[in-house]
Amino acid sequence: LDLAVVGLSETDSTTGVNLGLLGASKVNQEMTGASLGLLNWNTGQTVGANVGVVNLTNNVQGANVSLVNYSEGNTMVDVGAANFSDTSKVQVGLFNKTTKIEGVQVGLINCADNGFFKCFPIINFAK
């Protein structure tokens, strides 16, 4: 258990739970488990879930659930008001944007460079 009551908790590797009550957690290399907090900032590989207000991630094998999910790598599932990723399998939110969708986007506005439509309301998928 890595607990950040107020402030930033930073580790290179985490197996277990990052809990940022009024703070943020940063994992530099790899995280297996769950990050729960206001800001979850994982720059390496994540296996598990990031649940918070803002998730800044790289590669996620699992789920990002937040108001804003921003990933510079590949994600499996993003659920939030706004989701941004390089490559994603599933995005569900008001606004979804990815360079490459491998599954489906569901939301008010869905944009994918390889999508059936570059931007389309309600649903979009790879062409």
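The values are calculated or read from the model by the stated rules, or taken from the named source; none is laboratory data. The model shown is predicted, which means the values in this text are computed figures rather than measured ones. For neighbour counting, all protein chains shown are included, and Cβ atoms are generated from backbone atoms with ideal geometry for every residue, glycine included. We work out accessible area using only protein heavy atoms, side chains counted, and drop any ligands, DNA or RNA first. Shrake-Rupley method; radii C 1.70, N 1.55, O 1.52, S 1.80 Å.
Using 1/(1 + (r/R0)^6) with R0 = 25 angstrom and r between the beta carbons of N28 and V106, what's the FRET efficiency to the nearest 0.05?
Given R0 = 25 Å and the Cβ-Cβ separation, E is 0.20.
Under 8 Å for C-alpha pairs, at least 6 residues apart: give me the relative contact order for the stretch 1-102, rounded to a whole percent.
The normalised contact order for the stretch 1-102 reaches 14 percent.
If you roll a 1.4 Å probe over the heavy atoms of the protein chains, what accessible area per residue do you get for the chain, in Å²?
48 Å²
What FRET efficiency do you get for V47 and F117 if R0 is 35 Å and r is their Cβ-Cβ distance, rounded to the nearest 0.05?
So the FRET efficiency works out to roughly 0.60.
Taking 0.36 nm per intervening residue step and subtracting the Cα-Cα distance, what contour gain separates V92 from A126 on full extension?
The span from V92 to A126 would gain 10.7 nm if fully extended.
Decide, for the stretch 69-127, between rounded, prolate and oblate: order the square roots of the alpha carbon gyration tensor eigenvalues as a ≥ b ≥ c, take rounded if a/c falls under 1.5, and otherwise choose prolate if a/b is larger than b/c, else oblate.
It comes out oblate by the Cα gyration axes.
Please figure out what share of the DSSP beta bridges in the chain is antiparallel and state it in percent, rounded to the nearest 5.
10 percent
Regarding the chain, what is the average projected area of its C-alpha convex hull, in nm²?
Mean orientational projected area (the chain, Cα hull): 6.0 nm².
With a 1.4 Å probe and all protein chains kept in place, how do F95, F117 rank by accessible area, largest first?
Heavy-atom accessible area, descending, gives F117, F95.
Round to a whole number: what % of the accessible area of the chain belongs to carbon and sulfur, probe 1.4 Å?
70 percent
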